[in-house]
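Participant: Take this structure first; my questions come after.
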């Protein structure tokens, strides 16, 4: 399989419907067949009872009806109850004095009916609970298998495409060490482009991973840490832009790896689509039940048309500089959505664009107490 | 570094081996290569390399098994080669005794810097601990439990101090969340990672000029932290 077939396989894995994405935890409904079984088994017992009535006692007949209830209850609670009602009616009508009426002369038969009812309910409930557990475990196994296949395919695609890139990048950096002038610049171009391709690949793999249903691993992470680690990977891109940071000393409930990638994409997007020297602002704060990240620039702003189009896969704004392949912002939206969050693009007053990401949470970041006294007192 | 230092490269992709060989030989290392785990296991015992570069995905098995068998008798630094989206593998390798990792694609300077740090650290483990640790403008006086930044005293809580000392003793090297939690809060630490993150954030605010653009305390998302030395 070549890497693209593998990627295709990943999409099919999530779209073929073999993997249900919404778990159905309700117990399965009893089928019509189970009701037919209930009616037929009671009818058979009634017929048998009528034939054998001269030779058996009422107690034996009651046990025979119990058998019918048991058989029916294997089909679920509904058929079980149906059989109970039918058995009680039939037993009463055909065998309890006065025969051929629903009247009951001997009150002790009411106990028989009550026991029938109890047995029918108990068996029916047990069976339906067992069925539900079985269905759930089957679904869980299916899901685990799909998850495993996804992980295997992803890592194999990643390896196939990254290894050549790593060799190109590595060899070019080796050559750069001993070169100068125009040749050094050319080698730098190879390195830059290899790294760009590597970032595109990261985006492609991320969007595949997130869209195929891999759940974010959420943890409570300080906003400063999220912003800091993303910015540290963008040093060269940020060299030409004054950066303003307003990052609150708060926590966000996010997958740190995915959130870093979202921030890298948004900041990189800002550096790519704005002229050198224009400022970029990164703001991060908490609202009562969400963490909010904002990346704002003073570039040419959003392209014509509805703002949300920038989040479409393969969308490319027609700005002055050549961008990527139009995946960066689509990845951002996929990551935000995977966190049950949202992302919006806003045209700023005074020019420029702003992207705002909302990561909702339960509004209860864990408290970390540090009762420690300062260690070293000023001397 | 002495010119006689031998580096074992364990990598199944021939072009990758060529690049690594070229880069390492240019720097004066002696390079031996293995493309399978079986060969690697043999070469490790015969040549006793000073450092090992290990790709985790090998055709005849998981690189972790080599790591585990090497760790039973050797403390030679092992640097794992891995991809950007394999954070769990990196953590597993680091927790199993690997010294550091390189994320593909990486350049020559990154490669050599990691090897230098790993070799220096392997040697330092045999030398007695120095009383004062120095990381750029930051000085940690271990005898007096005092930390200064540019000559100015920094007031740290005991937890922050322990974190800083640990990172400084392993300066340049990544430490996983689990390694930091175990060392600072004890082997039976039940604290969650967010506990560590919050204390790291507090430490960052005390020693970094701009905590959202740290110079020293670098975050390796999904893996751990690293105290940067050469910036």
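Participant: Working only within the range A:297-315, note down all residues that are surrounded by fewer than 19 Cβ atoms within 10 Å (Cβ to Cβ) and free of Cβ contacts under 8 Å to residues at least 60 places away in the same chain.
Facilitator: Scanning the range A:297-315 gives A:300, A:303, A:304, A:305, A:306, A:307, A:308, A:309, A:312, A:314, A:315.
Participant: Could you check the range A:1-79 for helices (runs of 4 or more DSSP H) lying wholly inside it with 2 or more residues that are modelled with pLDDT of 80 or more?
Facilitator: Counting at least 2 such residues, we get A:32-52, A:58-73.
Participant: Determine which member of the set B:137, B:128 is at pLDDT below 90 and more than 8 Å from every other protein chain (Cβ to nearest Cβ).
Facilitator: That would be B:128, the only listed residue that is at pLDDT below 90 and more than 8 Å from every other protein chain (Cβ to nearest Cβ).
Participant: Right, next: Considering only residues that are within 14 Å of chain B (Cβ to nearest Cβ) and assigned to a loop (DSSP other than H, G, I, E, B), which ones fall in the range A:249-302?
Facilitator: A:249, A:250, A:255
Participant: While we're here: Touching a residue at least 60 places away in the same chain (Cβ under 8 Å), closer than 30 Å to residue A:200 by Cβ and surrounded by 19 or more Cβ atoms within 10 Å (Cβ to Cβ): does that describe residue B:80?
Facilitator: no
Participant: Out of (1) in contact with a strand residue (DSSP E or B) (Cβ under 9 Å, 6 or more places away or on another chain); (2) farther than 21 Å from residue B:173 by Cβ; (3) within 14 Å of chain A (Cβ to nearest Cβ), the odd one out for residue B:63 is which?
Facilitator: Checking residue B:63 against (1) in contact with a strand residue (DSSP E or B) (Cβ under 9 Å, 6 or more places away or on another chain); (2) farther than 21 Å from residue B:173 by Cβ; (3) within 14 Å of chain A (Cβ to nearest Cβ), the one that fails is (2).
Participant: Any residue in the range B:80-100 that is in contact with a helix residue (DSSP H, G or I) (Cβ under 9 Å, 6 or more places away or on another chain), more than 24 Å from residue A:155 (Cα to Cα) and modelled with pLDDT of 90 or more?
Facilitator: no
Participant: Within the range B:66-105, count every residue that is touching a strand residue (DSSP E or B) at 6+ places or on another chain (Cβ under 8 Å) and assigned to a loop (DSSP other than H, G, I, E, B).
Facilitator: 6
The values are calculated or read from the model by the stated rules, or taken from the named source; none is laboratory data. It should be emphasised that the depicted structure is a prediction, and the values quoted were computed from it without experimental measurement. FYI the Cβ positions are ideal-geometry reconstructions off the backbone, even for glycines, and counts take in every protein chain you see.
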